[in-house]
Amino acid sequence: MKVHKIAVLAGDGIGKEVMPEGIRAVDAAAKRFNIGIEWTSFEWPSCDYYLKHGKMMPDDWKEQLDGYDALFFGAVGWPDTVPDHVSLWGSLLKFRRQFDQYINLRPVRLLPGVPCPLANKQPGDIDMMIVRENTEGEYSSVGGRMFEGTDREFVLQEAIFTRTGVDRVLKFAFELAQKRPKKHLTSATKSNGISISMPYWDERVDAMGTSFPEVRHDKYHIDILAARFVLSPERFDVVVASNLFGDILSDLGPACAGTIGIAPSANLNPERSFPSLFEPVHGSAPDIYGQNIANPIAMIWCGAMMLDFLGYTEAHDAMVAAVERCLVDGPRTPDMGGTASTTEVGAAIAATI
Ligand code: NAD
Ligand code: IPM
Ligand code: MN
């Protein structure tokens with residue numbers, strides 16, 4: 001049996017509470033499907049590590065993580081002690097860049113049993129895949145602050161859209177759309193206002209579309225696209241977006257489908273030259289940390305995506321089916337209107353798997 005080496009990076013806040021439930025669920029699936037998993041926990045990256053060492057991770061973090069088959073990541077950030085841009089650029093955003101995880105794949109589904117804030121929506125009405133560009137775009141570190149402290153002070157931050165970077169995320173999104181029954185791709189743009197990068201993005205979407213004649217593709221400006229997510233989410237199948245637009249849509253989508261506490265994400269290096277990273281969409285949630293009430297489903301679903309990426313599709317499907325079953329008649333955390341704890345929900349899902 002091949003043994004997969006997984007690095008466990010629980011991070012901060014509720015990352016530390018949902019991680020044990022993610023591991024428990026993956027272990028249950030591994031047992032059922034005879035998959036070898038070897039977990040190794042790291043105390044970094046975390047804001048506690050920063051307070052002790054003045055950095056989020058040791059200098060040789062890349063060498064230490066490079067040999068792993070995947071990174072299982074909770075959440076990072078504790079803004080009361082470490083500014084968010086310091087903690088995130090010292091950890092998660094470094095992983096995405098330096099491990100070239102250029103796809104951020106974020107499924108959004110309205111599942112049976114989950115209270116939906118939108119009127120008249122049934123399970124199945126929301127079923128989309130957000131494909132977010134994950135290494136460039138608006139998240140550039142290019143720019144700076146000039147004339148600090150004077151009347152002439154200004155800051156400048158560039159957005160970068162490379163042909164390689166744009167084309168590779170579009171190709172992934174079109175290929176994904178091609179495999180899905182609706183074969184529909186929507187691109188998020190803002191070419192009316194952002195007059196250089198977004199017309200370029202649109203041009204590359206049209207060019208890529210010619211290689212996928214079976215995929216119907218359309219585009220919406222990000223403002224009305226956000227409105228349509230709320231008004232008619234059933235219109236969407238695969239949604240491809242730049243780094244920032246994809247970030248916003250991937251909190252909005254799960255909120256429309258009930259709670260961000262169940263939303264998973266996969267930061268993929270499809271070529272497998274580097275480890276891919278699996279993490280909930282949500283953050284460290286300082287407002288609920290320490291109460292054992294965080295929803296562990298996002299972390300568990302990430303575990304399913306990780307097994308899928310490692311080649312175990314059946315195990316993925318069984319884990320998602322167990323989540324769906326427990327949502328119908330199992331315990332629920334308060335974000336879904338229940339009173340159960342993180343541990344109770346995790347235990348119920350693992351037992352169902
Ligand atoms: P957040 O996602 O941590 O929390 C937003 C709201 O959603 C909070 O009210 C929180 O209680 C709730 N929530 C989040 N996850 C939940 C869960 N599993 N179950 C129930 N409720 C849940 O976003 P934020 O408040 O903007 O950020 C807090 C910190 O996390 C910041 O430091 C931020 O930078 C960081 N962050 C990290 C990541 C990451 O590591 N991937 C992602 C987003 C935010
Ligand atoms: C996410 C998060 C991160 C992002 C933050 C924490 C830097 O919001 O993974 O969606 O903006 O990508
Ligand atoms: Mn986000």
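Please enumerate the residues belonging to the range 262-283 that are within 14 Å of ligand 3 (Cβ to nearest atom), buried (at least 24 other Cβ atoms within 10 Å of the Cβ) and not aliphatic (A, V, I, L, M).
Pro264, Ser265, Asn267, Glu279, Pro280, His282
I need the strands (runs of 3 or more DSSP E) fully contained in the range 104-197, keeping only those with at least 2 residues that are surrounded by 18 or more Cβ atoms within 10 Å (Cβ to Cβ) and not assigned by TED's automatic domain parsing to the domain that holds Phe73.
It comes to 127-133, 184-189.
Each row is one residue, and each column tells you yes or no for (1) under 13 Å from the mean Cα position of the chain (by Cα); (2) more than 16 Å from ligand 1 (Cβ to nearest atom).
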{"residue": "Arg204", "(1), (2)": "no, yes"}
{"residue": "Val215", "(1), (2)": "no, yes"}
{"residue": "Ile222", "(1), (2)": "no, yes"}
{"residue": "Ala227", "(1), (2)": "no, yes"}
{"residue": "Leu249", "(1), (2)": "yes, no"}
{"residue": "Gly258", "(1), (2)": "no, no"}
{"residue": "Glu271", "(1), (2)": "no, yes"}
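Answer yes if at least one residue in the range 78-93 is more than 14 Å from ligand 1 (Cβ to nearest atom), buried (at least 16 other Cβ atoms within 10 Å of the Cβ) and more than 18 Å from the chain's Cα centre (by Cα), and no otherwise.
no
Within the range 259-298, work out how many residues are assigned to a loop (DSSP other than H, G, I, E, B) and closer than 11 Å to Ala75 by Cβ.
Looking only at that region, the number is 8.
Within the set of pairs 6+ apart or on separate chains, which have a first residue in the range 163-191 that is on the phi > 0 side of the Ramachandran plot, a second that is acidic (Asp, Glu), and C-beta atoms under 6 Å apart?
Lys183/Glu214
Table: residues versus (1) touching a Cys at 6+ places or on another chain (Cβ under 8 Å); (2) in the same structural domain as Ala298 (by TED's automatic domain parsing); (3) farther than 27 Å from Val3 by Cα; (4) without any contact (Cβ under 8 Å) to a residue 40 or more places away in the chain.
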| residue | (1), (2), (3), (4) |
| --- | --- |
| Ala29 | no, yes, no, no |
| Trp39 | no, yes, no, yes |
| Lys52 | no, yes, yes, yes |
| Phe72 | yes, yes, no, no |
| Ser87 | yes, yes, yes, no |
| Leu93 | no, yes, yes, no |
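Is it true that Val230 is out of contact with any Phe, Trp or Tyr (no Cβ under 8 Å at 6 or more places or on another chain), at pLDDT 95 or above and surrounded by 23 or more Cβ atoms within 10 Å (Cβ to Cβ)?
No, not satisfied.
When Val239 is evaluated against the numbered criteria (1) part of a helix (DSSP H, G or I); (2) within 16 Å of ligand 2 (Cβ to nearest atom); (3) touching a strand residue (DSSP E or B) at 6+ places or on another chain (Cβ under 7 Å), which criterion, by number, is the only one it fails?
Of everything listed in (1) part of a helix (DSSP H, G or I); (2) within 16 Å of ligand 2 (Cβ to nearest atom); (3) touching a strand residue (DSSP E or B) at 6+ places or on another chain (Cβ under 7 Å), Val239 misses just condition (1).
The values are calculated or read from the model by the stated rules, or taken from the named source; none is laboratory data. This one's a predicted model, so the numbers in the text were calculated from it and none came from an experiment. Cβ atoms come from the backbone with ideal geometry, glycine included; neighbour counts cover every protein chain shown.
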